[in-house]
1. Is there a residue in segment 54-75 that is β-branched (Val, Ile, Thr), under 20 Å from the mean Cα position of the chain (by Cα), surrounded by 11 or more Cβ atoms within 10 Å (Cβ to Cβ) and modelled with pLDDT under 85?
2. Free of Cβ contacts under 8 Å to residues at least 40 places away in the same chain, part of a loop (DSSP other than H, G, I, E, B) and exposed (fewer than 12 other Cβ atoms within 10 Å of the Cβ) - does that describe any residue in segment 98-116?
3. Quickly run through segment 76-85 and pick out the residues that are outside any loop (DSSP other than H, G, I, E, B) and surrounded by 11 or more Cβ atoms within 10 Å (Cβ to Cβ).
4. Every residue in segment 1-19 that is within 16 Å of residue 69 (Cα to Cα) and part of a helix (DSSP H, G or I), please.
5. Got a number for residues in segment 74-92 being free of Cβ contacts under 8 Å to residues at least 12 places away in the same chain and closer than 26 Å to residue 106 by Cβ?
6. Quick check on my filter: what residues within segment 86-97 are surrounded by 15 or more Cβ atoms within 10 Å (Cβ to Cβ) and over 22 Å from the mean Cα position of the chain (by Cα)?
7. Which of the residues that make up segment 146-161 are hydroxyl-bearing (Ser, Thr, Tyr) and at pLDDT 70 or above?
8. Could you say whether any residue in segment 115-138 is modelled with pLDDT of 75 or more and either basic (Lys, Arg) or touching an Asp or Glu at 6+ places or on another chain (Cβ under 6 Å) (or both)?
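The values are calculated or read from the model by the stated rules, or taken from the named source; none is laboratory data. Please read all numbers here as calculations on a predicted model, not as lab measurements. Here the Cβ positions follow ideal geometry from the backbone for every residue, glycine too, while neighbour counts run over all protein chains shown.
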Amino acid sequence: MADLSEEAKLFIVRALARFSSPAEVVVMIREDLDIATSIQQVRTYNPDHPKFEAGEKWRPIFEAVRKAYLEDVSAIPIASHAFRLNALQKNYDRAMKHGNLVLANATLEQAAKEVGGVLTNARNVSVQQADRGFRSLTSEERRAAAAEMIRIAISKDASQFATSTH
């Protein structure tokens, strides 16, 4: 086992708290700190692992980093709307450069979903009634409304398809 400095130990604890695998941590330590270590040695710094042997000094640090990591998704680039759109733009540009229209169209569709809020967990379904303002829908009413929207969309597609084939 490599003799690790306090800096290297802290690096390992922080990486493990952010859900990096021991194998990923071994690679990060080698690349960032130029230290060769093993998966087994890295595991000893994970309080969630049965082989935890690093000592109680590291447990509160691990827990604090894990808590902050779970509470602040803004530190994760892919959680950013702008980051995702930028990545989609790069994919679209590459697809067009190589003449891959299928991928380009799929990327455009994905970007439209991203911009339109289709890919969110927001559930703000309501309906405006003529005399009583807005009200929330029950799950049964949401199903019926979705079925009606699908029926309308299918009938529009069918009518457009019928006119385009003649």
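1. Filtering segment 54-75 for residues β-branched (Val, Ile, Thr) gives 61, 65, 73.
Going one step further and asking which of them are under 20 Å from the mean Cα position of the chain (by Cα), we end up with 65, 73.
Okay, now just the ones that are also surrounded by 11 or more Cβ atoms within 10 Å (Cβ to Cβ), so 65.
Within this subset, residues satisfying the condition of being modelled with pLDDT under 85 are none.
Looking through segment 54-75, none of the residues is β-branched (Val, Ile, Thr), under 20 Å from the mean Cα position of the chain (by Cα), surrounded by 11 or more Cβ atoms within 10 Å (Cβ to Cβ) and modelled with pLDDT under 85.
2. Of segment 98-116, the ones free of Cβ contacts under 8 Å to residues at least 40 places away in the same chain are 98-116.
Next, only the ones that are part of a loop (DSSP other than H, G, I, E, B) stay: 98-100.
Applying the additional criterion that residues be exposed (fewer than 12 other Cβ atoms within 10 Å of the Cβ) yields 98-99.
Within segment 98-116, one or more residues are free of Cβ contacts under 8 Å to residues at least 40 places away in the same chain, part of a loop (DSSP other than H, G, I, E, B) and exposed (fewer than 12 other Cβ atoms within 10 Å of the Cβ).
3. Our first condition is that a residue be outside any loop (DSSP other than H, G, I, E, B); within segment 76-85, this holds for 77-79, 81-85.
Selection gives 77, 79, 81, 83, 84, 85.
4. Step one: of segment 1-19, the residues within 16 Å of residue 69 (Cα to Cα) are 10-19.
Scanning segment 1-19 gives 10, 11, 12, 13, 14, 15, 16, 17.
5. Let us first name the residues in segment 74-92 that are free of Cβ contacts under 8 Å to residues at least 12 places away in the same chain, namely 74-80, 82-83, 86-87, 90.
Among the residues that remain, those that are also closer than 26 Å to residue 106 by Cβ are: 76-80, 82-83, 86-87, 90.
Going through segment 74-92 one residue at a time, the tally reaches 10.
6. Selection gives 95 alone.
7. Just the residues of segment 146-161 that are hydroxyl-bearing (Ser, Thr, Tyr), to begin with: 155, 159.
The one that is hydroxyl-bearing (Ser, Thr, Tyr) and at pLDDT 70 or above: 155.
8. If we filter segment 115-138 for residues that are modelled with pLDDT of 75 or more, which is where we start, we get 115-116, 138.
The next check asks that each one be either basic (Lys, Arg) or touching an Asp or Glu at 6+ places or on another chain (Cβ under 6 Å) (or both); those that pass are none.
Taking every residue of segment 115-138 in turn, none turns out to be modelled with pLDDT of 75 or more and either basic (Lys, Arg) or touching an Asp or Glu at 6+ places or on another chain (Cβ under 6 Å) (or both).
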